[in-house]
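The values are calculated or read from the model by the stated rules, or taken from the named source; none is laboratory data. The structure displayed is predicted, hence computed values, not measured ones. Cβ atoms come from the backbone with ideal geometry, glycine included; neighbour counts cover every protein chain shown. Note: accessible area is taken over every heavy atom of the protein model, side chains too, but ligands, DNA and RNA are not part of it. Shrake-Rupley method; radii C 1.70, N 1.55, O 1.52, S 1.80 Å.
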Amino acid sequence: MLRSVILRAAGDARVKTLVAKAPVSRNMVTRFVAGESVDDAVRATRGLVQDGLRVSLDHLGEDTTNPGQAEATTKAYLALLGRLADDGLTSGAEVSVKLSAVGQALDESMATDNAHSICEAATAAGTTVTLDMEDHTTTDSTLRIHRELRLDFPSTAAVIQSYLRRSVADCRDLAAAGSRVRLCKGAYQEPESVAFQSRGEVDKSYVRCLKVLMNGAGYPMVATHDPRLVSIAGALVRQVGRAQGSYEYQMLYGVRPDEQRRLVGAGETVRVYVPYGDQWYGYLMRRLAERPANVTFFLRALATKS
Ligand code: FDA
C-alpha cells in the first residue's frame, strides 16, 4: 500500500523538486549510491572486490527523451568500461544497462545500436552486460533487444521480475545453456492485469521462476535480500546438485552488506549492484518504496529540515 503511494508520488513533478532539493536526500542517496563520478564508482568497486564480492555497475539515468542524452549515456558506459579495464577490475565487475537510458522509448533500433556498442566495449574489456528490466510496457522490447544482442554477445544477461504473471514462461524460454538470468521481484508500480499485487503471490512466483532457472542449463542470478528466498535458493541448489559458481546471489549496494559478506564467507559468488551518477531520483524512490522504515526515516527528516 505505502509502496504504491510512494511509487505514484514519485512521478509527480512537485514531489521530485521537493526531494531533489532537500538536503536530507543527500544522506539517503549516499547510502544507496556510490557517488556521482566514475572515480567514485571505481573506488567503491575496488573496495567490494577486495572483500571478495563481484560488482555490476549502473550509470544512473532512465527515460531518456532525446537522442543526444542516449548517446551521452552510451559514452559514459564506454568510458566506465575503459576505466575498469585500465584498473584491472573487469574480472570482478560488469555493467547493468537500462535500455530506456539509451533511447528505447525514442526508437528501439537506436537503443539496440547503443546497447550493442556497450556490449562490444564490455567484451573488449573482458566483461559482460546485464540489461536491467523496467516497467512492463518495455518487457517485450527489452527481451527482443536481449535476443538480438545475444547473437553477437551470448553472455548478455536478462532480468526477469517475479511480480509479472508472464515470468515463469519467460524463465522457461531463457533457462538454456549459456544464458544468464537475474531474477528479482520487480520494483515498478504495475497494474493487477499484468502483475501479482500481494507480497505472498510475488514470493510464490519468485520460487516458481527460481525452480525453472535452477533446473535449467543457464546461469541463475538470485537477486534478492529476502532471507527466506535466499534460504530457498540454497535448498534448491542442494536439491538439483548445482556446484557453487554455477549460479550467484545479487544484492544492492547499501542493502544487507553483512549478509553479502556472510554468503561470500560460505563460498558463494555474490554480486553487488552499484549505481553511480547524478540522476539518482528514480532509483532512490524505488529503494524508499521497498521498505517502510526507509520512508518513515526519510519523511521525518524531510519534515524537520525543510
Ligand atoms: P523485499 O523487498 O521483500 O525485501 C526483503 C528484505 O530485504 C527487507 O525486509 C529488508 O530487510 C531488505 N531490503 C530490501 N530492500 C531494501 C531497501 N531498499 N532498503 C533496506 N532494506 C531493504 N528491479 C527491477 O524491477 N528491475 C531490475 O532490473 C532490478 N535489478 C535488481 C538488481 C539487483 C542486484 C537487486 C538486488 C534488485 C534489483 N531490482 C530490480 C529490485 C528488485 O526488484 C526489488 O525491488 C528489490 O530487490 C527488493 O526486493 P527483495 O527481493 O530484496 O525483497
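Of the beta bridges DSSP finds with both residues in the range 148-306, what % are antiparallel, to the nearest 5?
Close to 5 percent.
Compute the relative contact order of the chain as a whole-number percentage, counting only Cα pairs closer than 8 Å that sit 6 or more residues apart in sequence.
So the answer I get is 25 percent.
Put +1 on the Cβ of every Lys and Arg and -1 on every Asp and Glu Cβ in the chain; which of Ala101, Gln260, Leu81 then has its Cα farthest towards the positive end of the dipole?
Positive-most Cα among the choices belongs to Gln260.
Under 8 Å for C-alpha pairs, at least 6 residues apart: give me the relative contact order for the range 221-306, rounded to a whole percent.
23 percent
By accessible area of protein heavy atoms, probe 1.4 Å, what ranking do His116, His146 get, highest first?
His116, His146
Quick one: the Cα spread of the range 112-206 along its three principal axes, in angstroms, biggest first?
Principal-axis extents of the range 112-206 (Cα, largest first): 43, 25, 18 Å.
So if R0 is 35 Å, what FRET efficiency would Val194 and Asp152 give, r being the distance between their Cβ atoms, rounded to the nearest 0.05?
0.70
Two decimals is fine: what is log10 I(q)/I(0) at q = 0.26 Å⁻¹ for the range 1-60, from a Debye sum with one equal scatterer on every Cα and no solvent?
-1.07
Once you have all Cα-Cα distances for the range 131-260, histogram them in 10 Å bins from zero and send the whole-percent values.
Answer for the range 131-260: a P(r) of 12, 45, 35, 7 percent.
State, to one decimal in nm², a quarter of the convex hull surface area for the C-alpha atoms of the range 1-155, i.e. the direction-averaged projected area.
That works out to 10.3 nm², a quarter of the Cα hull's surface.
From zero up to wherever the largest Cα-Cα distance of the chain sits, split into 10 Å bins and tell me the percent of pairs in each.
6, 27, 38, 25, 4, 0
Which value, in Å³ per residue, describes the convex hull spanned by the Cα atoms of the range 187-306?
Expressed per residue, the convex hull around the Cα atoms of the range 187-306 is 146 Å³.
Tell me, in nm to one decimal, what length is gained between Ser4 and Gln50 on full extension, where the rule is 0.36 nm per residue of separation less the Cα-Cα distance?
12.8 nm
Determine the distance separating the Cα centre of the range 65-114 from the Cα centre of the range 123-151; give it in Å without decimals.
With the range 65-114 and the range 123-151 each reduced to a Cα centre, they are spaced 11 Å.
For Arg43 and Val15, calculate 0.36 nm times their separation in residues minus their Cα-Cα distance, and state this gained length in nm to one decimal.
6.9 nm
Could you order Thr224, Thr296 by accessible surface area, starting with the largest, using a probe radius of 1.4 Å?
Correct descending sequence by accessible area is Thr296, Thr224.
If each of Arg26 and Asp258 carries a label point 7 Å out from its Cα toward its Cβ, how far apart are those two points in nm?
2.9 nm
Can you work out ³J(HN,Hα) from phi for every residue in the range 118-131, in order, using Karplus 6.51 cos²θ - 1.76 cosθ + 1.60 and θ = phi - 60°, giving whole Hz and x for Gly and Pro?
Whole-Hz 3J(HN,Hα) from phi for the range 118-131: 5, 4, 4, 5, 5, 4, 4, 7, x, 9, 10, 10, 10, 8.
So how many Lys-Lys pairs in the chain land under 16 Å Cα to Cα, not counting same-chain pairs under 8 apart?
Close lysine pairs found across the chain: 4.
With a cut-off of 8 Å between alpha carbons and a minimum separation of six or more residues, what is the relative contact order of the range 56-179 in percent?
In percent, rounded to a whole number, it is 23.
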